[in-house]
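Structure first, commentary second.
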Amino acid sequence: MKRNSKLALGGAAAAVLAVVSMGAGPVLAQNGKATDRSVTLTAVLTELNGSGASGSATAVVKNQKIEHIEVHATGLTPDAPHAQHIHYGNDALNECPTLALDTNSDGRLNTLEGVPAYGPVVVSLNTSGDTTPASFLDVARFPVSQDGIFNYSRDNIEFTDVAGTGYPGLGGFGTAKQIADSIREGEGVVVIHGLDYDGNGTYNVSNPEGTSELNPNLPAEATDPALCGVLR
């Protein structure tokens, strides 16, 4: 499958494994693709950075809206907030990263190192308020795990035009329609952030990881990716 004129996808991000059409017949664009169909996408979330966590996500997408999304995760840092997003990039691989992207060779992936794989943020999966990329670091509005577990759901999340977040590597550009169509085609990546490297039960900077590359007021533990999965 070809994502766009800029990049042909590899096999890891190419297959759409779950596509369900519901309701009235689809409206076809000039290229023959359905633009208003309801599509159910699922992702198996696997650990990054040795988090030991696991999970799943299911999203129902129609037109330029996520009608419903659920994210279930376990094995996360207990009783801590976990930022989570849908990532997509026009020039990204739109898949989960590996340590091959650890550019500074410190043995871990920070958020920016993962961007070539999963792309920039296009939706913030928070519990209330704005869901645009502008909210991607508002940690207080993301789910808090209870004993390492959270079960998240939200309805009616509108895709929006993305013209950059102001963070290098996380800018991202695209119209709401382009982003929605790409996610329907299996190119959206769910990433959950936050892990307790030193096992002291909280996010802190008193460890080798130090502060986040995204915000020096946050520990790297709060923003490093812990789980990842492609919505297919």
Return the whole-Å distance between the Cα centroid of region 180-232 and the Cα centroid of region 41-120. 8 Å
Write down the radius of gyration of region 53-120 and its Dmax, each obtained from C-alpha positions, in Å. 14.3, 42
Using only the alpha-carbon atoms, what does region 63-167 span along each of its principal axes? Please give whole angstrom values in decreasing order. 38, 36, 22
Let me have the relative contact order for region 70-197, percent, based on Cα pairs under 8 Å that are six or more residues apart. 38 percent
Surface share of carbon and sulfur [accessible, 1.4 angstrom probe, percent] for region 120-214: 51 percent
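Which whole-number percent is the relative contact order of region 38-123 (Cα, under 8 Å, 6+ apart)? Kindly include the intermediate steps, with their values, before the conclusion.
Details: 132 pairs, mean separation 19.9, N = 86.
Here the relative contact order equals 23 percent.
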Once fully extended, how much extra length lies between Ala140 and Asp161, figured as 0.36 nm per residue of separation less the alpha-carbon to alpha-carbon distance? 5.1 nm
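Given the convex hull over the Cα atoms of region 130-224, what projected area results after averaging over all orientations, in nm²? Mind showing how you got there, number by number?
Working: hull surface 29.4 nm².
Value for region 130-224: 7.4 nm².
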Taking every C-alpha to C-alpha distance in region 172-218 and binning by 5 Å from 0, the per-bin percentages run 5, 16, 18, 14, 9, 10, 13, 12, 3
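Can you tell me the accessible area per residue over region 136-232, all protein chains present, probe 1.4 angstrom, in square angstrom?
Details: 3870 Å² over 97 residues.
Result: 40 Å² of accessible area for each residue.
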Work out, step by step, the length gained on full extension between Ala100 and Asp147: first 0.36 nm times the residue separation, then minus their alpha carbon distance; give nm to one decimal. 13.8 nm
Amide H of Lys65 versus every other amide H placed in the peptide plane: which residues, excluding those fewer than 5 positions away on the same chain, fall under 5 Å? Phe159
Calculated SAXS-style log₁₀ I(q)/I(0) at q = 0.13, 0.16, 0.23 Å⁻¹ - region 89-132, Debye, Cα scatterers: -0.35, -0.50, -0.78
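The values are calculated or read from the model by the stated rules, or taken from the named source; none is laboratory data. Keep in mind the model is a prediction, meaning the values are calculated, not measured. These accessible areas exclude ligands, DNA and RNA; they are computed on the full protein's heavy atoms, side chains included. Shrake-Rupley method; radii C 1.70, N 1.55, O 1.52, S 1.80 Å.
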